[in-house]
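Shown next, in structure tokens, is the structure this report addresses.
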Amino acid sequence: MALVTKAIKGTQDLLPADSYKTRYVEQSMLDIATKFGYKEIRTPVFEHTELFSRGVGDTTDVVQKEMYTFDDKGGRSITLRPEGTAGAMRAFLEHGLFNEPLPQKVSYLTSCYRYEKPQAGRLREFHQFGVECLGTAAPAADAELIALGHEIFSYLGVEGLKLEINSIGCPECRKKYHAALREYFESKKDALCGTCLDRLGRNPMRILDCKSPECGEIAKGAPKVLDYICEDCSAHFETVKKHLDAMNIPYVVNPTIVRGLDYYTRTVFEFVSTEIGAQGTVCGGGRYDGLAEELGGAKTPSLGFALGIERLMLLMQAQGTPLPEEQRTDLYIVSMGEAANVAAAKIAASLREEGISVQYDVAGRSVKAQMKFANKLGVRNTVVIGDSELESGKIIVKDMDGGESVEMELDGFEDSYQSYLIQNAVKDIAGADGFEVNISDLF
Ligand code: ATP
Ligand code: MG
């Protein structure tokens, strides 16, 4: 196949037949976040490379191996965002949002770019839904954030996700932990990969997150961070758990979670599935109290999570999670001849103004072909307008689901059709619940 008709490796098209599913899932997440007080933020797809090398951390896989970095024509080093937190925090600092009431709660839907080995659930361009709660150190915020993730999955009907939480302490208690880790890994030095040898000196915790199987095996025996966290961090973690218990959110403490980004402190968590292969982490997040200072701002304890849209869609597909049906076109106007086609355009315009979805022939097809097309579209109703209808002034609305056909005057059709829709909707409701509704009571 010619190069121009082939997408780049690790990228995906979302086609019309499926896009409504993703749209529904994304809209649900935004709506749920709104219930928790989150407002949308949009930041650029590219930023100064330094934002990520400092914000995400230059000992991470993301920065060391995965970033799409290039020099622009002005010689600046630019990077396509590998994640959303650094950009959100940059915007928070740049626009003085710290002067607004805190915490500032922001949400986003963004594309992210990582040069990784493409496989199921791992793409080079992927999409995240993320939330960031900026400017609070209280453990109640950690639990509320986790509750937001929990609510999203339960609203969407996703089952079997395990919530794993951990605390990775603060820079203070981490000093002790780093020392213990160094001692442990020093003794296994010969078996570590090259990247981890470098990490041993700079950030030994990163070794725990290495994807190489050899390092993973060694990491299993490493000291556990929970044994090293200080009293304050421990009290914080206990309160987070107390809130989760109170909200009936099931979790397990997994002392091996450290997360892939450098900026995390204290609470970290993941929602993990065993149904979509090795890439099972659908959502990950935690607290990053040091990030604002790392970027040159004032101390701003904060937290957030990111949820991979493609992985979630894979999981929902694997589970056969029911989704609402796609919205159907309500009316297709079949037209015979030029005058009828013009009349169809006019009717469509005024019905669309009333919020009704209408299509008519814009391809110059025969009546038979239009009927076939309407059928394929799966429209709810059709009407035919031809010379004889224009002459008699009467048209017939045909219910494509097999209901009764109804004759209407062409004159004032828009109003009659709307009443017809309302009557049908009321019938549906009354039919479903078995009660009677007097239509005139509705107006
Ligand atoms: P992993 O361990 O799978 O590499 P990560 O720790 O790099 O994940 P985060 O940076 O925390 O992931 O990103 C949050 C979420 O974004 C992940 O839980 C996942 O759902 C999704 N995600 C991350 N990288 C990819 C990718 N390359 N392709 C698709 N989704 C991804
Ligand atoms: Mg990764």
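For ALA138 and ALA349, calculate 0.36 nm times their separation in residues minus their Cα-Cα distance, and state this gained length in nm to one decimal. It would help to have the intermediate numbers written out before the result.
Working: separation 211, 0.36 × 211 = 75.96 nm, distance 5.37 nm.
My answer for the length gained is 70.6 nm.
Mean sequence separation of contacting Cα pairs (under 8 Å, at least six apart), scaled by the length of the stretch 100-216, corresponds to a relative contact order of 15 percent. The ranking of VAL131, VAL367 from fewest to most other beta carbons within 10 Å of each one's beta carbon is VAL367, VAL131. Expressed in Å, the radius of gyration and Dmax of the Cα atoms of the stretch 1-146 are 17.2, 56. Listed from fewest to most Cβ neighbours within 10 Å, the set ASP232, ASP411 follows the order ASP411, ASP232.
Packing, as the average of other Cβ atoms within 10 Å across residues, places the peptides 242-254, 38-50, 66-78 in the order 38-50, 242-254, 66-78, highest first. With contacts taken as Cα pairs under 8 Å at a separation of at least 6 residues, the chain carries a relative contact order of 14 percent. Using R₀ = 22 Å, calculate the FRET efficiency as 1/(1 + (r/R₀)^6) where r is the Cβ-Cβ separation of TYR20 and TYR155; round to 0.05. It comes to 0.80.
Pairs of Cα atoms in the chain fall into 10 Å distance bins, from 0 up to the last occupied one, in shares of 4, 17, 23, 20, 14, 11, 8, 3, 1, 0 percent. Its alpha carbons considered, the stretch 1-57 gives a radius of gyration followed by a Dmax of 17.2, 48 Å. When each of THR11, THR274, THR5 is scored by the number of other beta-carbon atoms lying within 10 Å, the sequence from fewest to most is THR5, THR274, THR11. In the chain, helical runs assigned H by DSSP with n ≥ 4 each contribute -39500 (n - 2.57); averaged across all residues and rounded to the nearest 500, the mean residue ellipticity at 222 nm is -12000 deg cm²/dmol. Quick one: grab the alpha carbon gyration tensor of the stretch 264-338, order the square roots of its eigenvalues as a ≥ b ≥ c, and give me rounded if a/c is under 1.5, else prolate or oblate depending on whether a/b is larger than b/c. Oblate is the answer for the stretch 264-338, as a/c is 1.5 or above yet b/c matches or exceeds a/b. Each Lys and Arg adds +1 at its Cβ and each Asp and Glu adds -1 at its Cβ; summed about the Cα centre, the stretch 276-382 shows a dipole of about 480 debye. Projection of the Cα convex hull of the stretch 372-435, averaged over all directions and equal to a quarter of that hull's surface, yields 5.2 nm². Inter-label distance, GLU172 to LYS211: 3.7 nm, where each label sits 7 Å from its Cα along the C-beta direction. Protection proxy ranking of 417-423, 114-120, by the mean of other Cβ atoms within 10 Å over each peptide's residues and highest first, is 417-423, 114-120.
Values of log10 I(q)/I(0) for the stretch 307-392 across q = 0.10, 0.12 Å⁻¹ run -0.38, -0.48, by the Debye formula with one identical scatterer at each alpha carbon and no solvent.
State, as an integer percentage, the relative contact order of the stretch 4-134 based on alpha-carbon contacts under 8 Å between residues 6 or more apart.
Relative contact order of the stretch 4-134: 29 percent.
State the extension gain, in nm to one decimal, for the chain segment bounded by LYS189 and GLU325, taking 0.36 nm per residue of separation less the distance between their alpha-carbons.
On the way: separation 136, 0.36 × 136 = 48.96 nm, distance 5.58 nm.
Gain on extension, LYS189 to GLU325, equals 43.4 nm.
Only the coordinates and a few stated rules stand behind these numbers; no lab work does. Please read these numbers as outputs of a predicted model, since none were measured by experiment. Positions of Cβ are generated from backbone atoms using ideal geometry, with glycine treated the same way; all protein chains shown enter the neighbour counts.
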